[in-house]
Amino acid sequence: HRLGLESPGELGQDAVDATGKAKNYEWEYADHQVSRVTEEIPAGGATPQGVRTVWEFDAKQDLRRVTRGAGAQGANIITEMDYDGYGNPKEVRRQRGDKTITTEVDYDGMSRPLQITEDPGGLNLVNHIHYDAKGNADFTWRNTSQEPIPSASDIRTYAIYDVRNRVA
């Protein structure tokens with residue numbers, strides 16, 4: 001992206017993305033770090049009402065909240081993230097209107113995801129990830145049986161790696 005930023009806090013005019021679409025950016029700083037970035041795509045063409053996206057960061061520069069909206073009449077989609085002590089996303093909440101879907105992630109001691117639970121209070125879709133001795137994710141399964149080990153009814157995915165750790 002080419003940004004036409006004047007100084008912190010000012011709207012960057014004439015920013016153009018790779019497709020030639022005009023975008024405006026506004027940056028907010030706190031203690032010499034970016035705390036908020038706003039992107040606005042002006043109304044016109046495929047976006048007759050315009051689109052506004054706001055990214056909000058904490059003091060560690062972790063992305064905490066993304067708000068996407070389509071013009072004044074458009075519905076906002078809000079995504080919020082919480083992190084563990086190692087900076088891994090621990091919980092992600094996506095809200096659109098009055099509906100919120102949560103995703104929770106559990107990690108091993110090497111910060112690799114072991115279990116991803118989608119909508120724990122509702123559908124409770126649990127995905128497990130197994131790693132080989134080289135750290136490659138070689139086996140995953142979606143737990144449809146609610147058992148801690150794979151069962152015949154679970155959805156499974158296998159991956160085989162070559163000597164260079166590439167998926168074969």
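Taken as a whole, the condition of being in a loop (DSSP other than H, G, I, E, B), of a type outside the set (Ser, Thr, Tyr) and at pLDDT 85 or above does not apply to residue 20. A search for C-beta distances below 6 Å between a residue of region 156-168 that is within 11 Å of residue 134 (Cα to Cα) and any residue that is modelled with pLDDT of 90 or more and open to solvent by less than 70 Å² (accessible area, probe 1.4 Å), counting only pairs 6+ apart in sequence or on different chains, returns 161/136; 165/136. Can you name every residue in region 83-129 that is closer than 27 Å to residue 153 by Cβ, open to solvent by 50 Å² or more (accessible area, probe 1.4 Å) and assigned to a strand (DSSP E or B)? Of everything in region 83-129, those that are closer than 27 Å to residue 153 by Cβ, open to solvent by 50 Å² or more (accessible area, probe 1.4 Å) and assigned to a strand (DSSP E or B) turn out to be 101, 104, 106, 107, 114, 115, 118, 125. Please work out if residue 53 is among the hydroxyl-bearing types (Ser, Thr, Tyr), outside any loop (DSSP other than H, G, I, E, B) and at pLDDT 85 or above. Spelling it out, residue 53 is indeed among the hydroxyl-bearing types (Ser, Thr, Tyr), outside any loop (DSSP other than H, G, I, E, B) and at pLDDT 85 or above.
The values are calculated or read from the model by the stated rules, or taken from the named source; none is laboratory data. Remember, predicted model here, so these are calculated numbers, not experimental data. Note: ideal-geometry Cβ built from the backbone for every residue, glycine included; neighbour counts use all protein chains shown. Just so you know, the surface numbers come from the protein's heavy atoms only, side chains and all, with ligands and any DNA or RNA stripped out. Shrake-Rupley method; radii C 1.70, N 1.55, O 1.52, S 1.80 Å.
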